[in-house]
Amino acid sequence: MNNIKACIFDLDGVIVDTAVYHYKAWKRLANSLGFDFTEHQNEQLKGVSRVRSLELILGWGGVTKTAAEQEILATQKNTWYMEMVNQMKPDEILPGAKEFVEICRKAGIKIALGSASKNSMTILNKIGITNLFDAVIDGNKVSKAKPDPEVFLTGAKALSVEPEECVVFEDAIAGVEAAKAGGMKVVGIGQPGVLDADLVISGLDKMTLDKLFKI
Ligand code: BG6
Ligand code: MG
């Protein structure tokens, strides 16, 4: 038995699968600039901030833009992305995610969101689970991106718990690194060979309180 008092969940790829919407919006932007953008490249943007993602994409396309132009491009991508996000419905919550959060809450475990996305609140509202979170720490509340632990440490503070009392759920390599750097336990959502976490599962439908307390 460990002393877990809180769970901090990443959003994209853990609670919802928004990667496909990010992919479509970035691809549309890349195509408008005259080059292509692959699903393999999109994989490398998991957990990466919007600004940094754009820098990487422009680099892959061999295109140089000024800071002012980059701001316009990032805003354009976000507009296209939000057109899709605004259509999201509660049935897009990934299998087992809502159920596991509810199980944790019933067990007295505090719940926070720890996401790089500046659109986190809109997404939580669209899928109807905002009220399950005691704290929401998103891209608007932190200045240092994952793998810096700021987002998770801010989450622990908001919940009034110590880092070692938290378990983070993450699908991105940078997110797993961030949790570890913050001194937290981490459950990877994805493939064991890819994520160097304390436990790796394919999705929250495979998570139980028993596994949580054995980490
Ligand atoms: C992360 C996603 O959760 O949020 C990234 O994995 C995304 O792909 C990042 O770039 C920032 O999201 P947003 O919604 O602020 O553009
Ligand atoms: Mg993620």
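Here, each number is a calculation from the coordinates, and none is a lab measurement. None of the values given here were measured: they were computed from a predicted structure. Please note: Cβ atoms are built from the backbone with ideal geometry, for glycine as well, and neighbour counts cover all protein chains shown.
Computed quantities for the displayed model
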| item | result |
| --- | --- |
| Approximate spin-label separation Lys214-Val194, in nm, with each point projected 7 Å along Cα-to-Cβ | 2.5 |
| From phi via Karplus (6.51, -1.76, 1.60), per-residue ³J(HN,Hα) for segment 10-15 in Hz, x at Gly/Pro | 5, 9, 5, x, 10, 9 |
| Cross-link pairs Lys110/Lys206; Lys46/Lys118; Lys106/Lys144 - those with Cα-Cα distance over 22 Å | Lys106/Lys144 |
| Intensity falloff of the chain expressed as log10 I(q)/I(0), Debye formula with alpha-carbon point scatterers, at q = 0.16, 0.17 Å⁻¹ | -1.04, -1.16 |
| Protection proxy ranking of 173-179, 49-55, 78-84 - average other beta-carbon atoms within 10 Å, highest first | 173-179, 49-55, 78-84 |
| Computed over the chain: relative contact order in percent, which uses C-alpha pairs under 8 Å that are six or more apart | 27 |
| Distant-in-sequence amide H partners of Lys185 (H built 1.01 Å from N, under 5 Å) | Cys166, Val168 |
| Angle between the chain longest axis and helix 50-61 axis [Cα atoms, degrees, rounded to 10] | 50 |
| For Val136, distant residues with modelled amide H under 5 Å away | Leu113 |
| Radius 9 Å from Cβ of Leu199, net charge of other residues (Lys, Arg +1; Asp, Glu -1) | +2 |
| Test item: Cα-centred dipole of the chain, Lys/Arg +1 and Asp/Glu -1 on Cβ, debye | 320 |
| Largest-first ellipsoid semi-axes for segment 134-215, taking √(5λ) over the Cα gyration tensor eigenvalues, angstrom | 20, 15, 11 |
| Hull shadow area, averaged, segment 44-112 [alpha-carbon convex hull, nm²] | 6.7 |
| Cut-off 20 Å (backbone N to label point 7 Å along Cα→Cβ of Asp205), residues of segment 96-136 | 96-104, 127-129 |
